[in-house]
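To keep things clear, I will list the structure first and then write my remarks on it.
The values are calculated or read from the model by the stated rules, or taken from the named source; none is laboratory data. Keep in mind the model is a prediction, meaning the values are calculated, not measured. Cβ placement follows ideal geometry from the backbone for every residue including glycine, while neighbour counts extend to all protein chains displayed.
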């Protein structure tokens, strides 16, 4: 049976996450419904590289599809997009090896978080607005504490699907763009709410209300404290899923530009 590799983007605001759930609208559920219509059958396997939480977005989620179809990959992509809601888009469909598995073969994942330094009328669904001044130098120093194979039990809730709370975090990068602070976390995989709690803790450090030693304590032991600082899902994006042999370099850039347009002229007009 043919197998395809799919790349999707979505705005997660209206969805209860990626994974299919009973009595909840999810991204995977919407795509499966579109596949049922396009393929004319429910006999297919469709699986993503991993879950994203309710309200979290994706710039490039990877999934695999196994289905009997005579449709060429590009035709399949176009037909699916015709059936999908506007906040979900299939970016690419490619033939894959018969054994390709979107989740099991992924070697790393990259998440991007956007913190807004100012109130925004247009980007509220894609940022976390933090009113307090944040010291990015302190945040950068604290971010290094998360790098390596660490136990992130303090940064997740109980999840029956996870057998271990140890995660290899390869890098945590703090950068800036106009009116934005960008935080990228790259690692082998991520636990439920883990990235949002890392971001929330870094924001507390940036405010000057938490020390590096306190952060070390959360990593060395188990604490319920990081849960208090969980950043909202609105600013979080699954940026990229990496597979063996793929380049791991991505420019750190914002998803939206908060820099206001220049004001030209002093006249008054009507639109």
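Among 236, 202, which is the only one that is touching a residue at least 40 places away in the same chain (Cβ under 8 Å), in contact with a helix residue (DSSP H, G or I) (Cβ under 9 Å, 6 or more places away or on another chain), crowded, with 16+ Cβ neighbours inside 10 Å and within 17 Å of residue 137 (Cβ to Cβ)? If you could, list the steps in order and put the result at the bottom.
Values: 236 fails: within 17 Å of residue 137 (Cβ to Cβ).
202 is the lone residue from the list that is touching a residue at least 40 places away in the same chain (Cβ under 8 Å), in contact with a helix residue (DSSP H, G or I) (Cβ under 9 Å, 6 or more places away or on another chain), crowded, with 16+ Cβ neighbours inside 10 Å and within 17 Å of residue 137 (Cβ to Cβ).
For residue 125, indicate whether it is touching a helix residue (DSSP H, G or I) at 6+ places or on another chain (Cβ under 8 Å), closer than 16 Å to residue 238 by Cβ and either surrounded by fewer than 19 Cβ atoms within 10 Å (Cβ to Cβ) or at pLDDT below 95 (or both).
yes
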Checklist (1) modelled with pLDDT of 95 or more; (2) over 21 Å from residue 131 (Cβ atoms); (3) within 22 Å of the chain's Cα centre (by Cα) applied to residue 214, failing item:
(3)
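Somewhere in the range 246-256, is a residue assigned to a helix (DSSP H, G or I) and at pLDDT 90 or above?
Looking only at the range 246-256, we keep the residues that are assigned to a helix (DSSP H, G or I), and these are none.
Looking for residues that are assigned to a helix (DSSP H, G or I) and at pLDDT 90 or above, one finds none in the range 246-256, hence no.
Sort out for me the strands (runs of 3 or more DSSP E) sitting completely within the range 5-122 that have 2 or more residues that are touching a residue at least 24 places away in the same chain (Cβ under 8 Å), more than 30 Å from residue 245 (Cβ to Cβ) and more than 19 Å from the chain's Cα centre (by Cα). Don't jump to the end; show me each part of the working.
Details: elements: 44-48, 57-67, 88-95, 106-116.
Correct list: empty, since no element meets the threshold.
Take residue 116 and decide whether it is surrounded by 14 or more Cβ atoms within 10 Å (Cβ to Cβ), modelled with pLDDT of 95 or more and not assigned by TED's automatic domain parsing to the domain that holds residue 32.
Numbers: surrounded by 14 or more Cβ atoms within 10 Å (Cβ to Cβ): yes; modelled with pLDDT of 95 or more: yes; not assigned by TED's automatic domain parsing to the domain that holds residue 32: yes.
For residue 116, the condition - surrounded by 14 or more Cβ atoms within 10 Å (Cβ to Cβ), modelled with pLDDT of 95 or more and not assigned by TED's automatic domain parsing to the domain that holds residue 32 - is met.
Can you name the residue in the range 223-232 that is touching a residue at least 40 places away in the same chain (Cβ under 8 Å) and surrounded by 12 or more Cβ atoms within 10 Å (Cβ to Cβ) and is also farthest from residue 124 (Cα to Cα) among such residues? Show your work before the answer.
We begin by selecting, within the range 223-232, every residue touching a residue at least 40 places away in the same chain (Cβ under 8 Å); these are 223-227, 231-232.
Keeping just the survivors that are surrounded by 12 or more Cβ atoms within 10 Å (Cβ to Cβ) gives 223, 225-227, 231-232.
Values: 223: 30, 225: 26, 226: 24, 227: 22, 231: 14, 232: 11 Å.
Checked the range 223-232; the qualifying residue farthest from residue 124 (Cα to Cα) is 223.
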